[in-house]
Amino acid sequence: MRALFMSFSLIAYAIFFATFLYLIGFVGNLAALPTSVDRGESAPLIAALITDVALIALFGVQHSVMARQGFKKAWTAIVPQPIERSVYVIFASAALIIMFAFWRPIEGVVWSVSNPLAQMILWALFGIGWLLVLLSTFLINHFELFGLQQAWLHLQGRQAEPPVFRQPLFYKWVRHPLYLGFFLAFWSTPHMSYGHLLLAVGLSIYMLIAIQYEERDLVGYFGEDYERYRREVGMLIPGVGRKR
């Protein structure tokens, strides 16, 4: 059973990583992909709006509900603890795959940058955003975040060490560099369509809401240490969004 759990976690991780790479291409309108934020099956404006908002809501609800401690306690009565996070990863990937498959592009231009230097800067920010997302996961324990560590420790018959509050690298400057990376990635584009704008706005609202729930959980874990951290470090921009 332990080897089976490990295999399941490896498969979940592989699905996540493929989905993550597709997400980069989806947001960046990579021509090699069958669908993207601006390319896919068309639909009337109202139908496209309803569909896309529903897809963003599905993603947000899945991420927020399944990440909460109350849900986890009930969920682990059904799903074995060593693969609980991997199951979450599978559901999160599924929500994104559904978005890729059913997203309906919305035509219209919010802005279009033609200056080559400005385009280069925006694409650089786009790449920096995704790199920041990936690096941030490794700073806080990438393999635990995506379920591999839990299955590996179970395979070895070991228990995880209690969480320790740390402020590695980017976390010394902002509390949520991972979300900052997503903000950069979603908004840094030389061509912002109405559909891309809807995706960026919808996911930005979700992230701002998610931060509040996530920080409530972190205060529960780390108590005064995290309260002090919130008073001293900005939320997404250095010095901005500190809790008084």
Residues 244, 228, sorted so that the one with the fewest Cβ neighbours within 10 Å comes first: 244, 228
Ranking of 242, 231 by count of other Cβ atoms within 10 Å, fewest first: 231, 242
Computed E for residue 65/residue 113 - FRET, C-beta separation, R0 51 angstrom, nearest 0.05: 0.85
Relative contact order (%) - criterion: Cα under 8 Å, at least six apart; region: segment 50-124: 45 percent
Coarse-grained scattering of segment 153-227 at q = 0.18, 0.23 Å⁻¹, given as base-10 log I(q)/I(0) from a Debye sum over alpha-carbon atoms: -0.86, -1.06
Helical segments meeting 24 Å axial Cα length and Kyte-Doolittle -1.0 threshold in the chain (DSSP H): 2-27, 45-67, 84-102, 116-139, 194-222
Calculated FRET value between residue 236 and residue 20, using beta carbons and R₀ = 22 Å, to 0.05: 0.60
The chain: relative contact order in percent, alpha carbon pairs under 8 Å with at least 6 residues between: 26 percent
Reduced Cα scattering model of the chain, Debye log10 I(q)/I(0), q = 0.07, 0.08, 0.11, 0.13 Å⁻¹: -0.26, -0.34, -0.65, -0.91
The chain, helix-only ellipticity at 222 nm - DSSP H runs n ≥ 4, -39,500 (n - 2.57), divided by all residues, nearest 500: -22000 deg cm²/dmol
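We did not get these values from a lab; they are worked out from the coordinates using the rules stated. Quick caveat, the model's predicted, so the values are computed rather than measured. All Cβ positions, glycine included, derive from the backbone under ideal geometry; neighbour counts span all protein chains shown.
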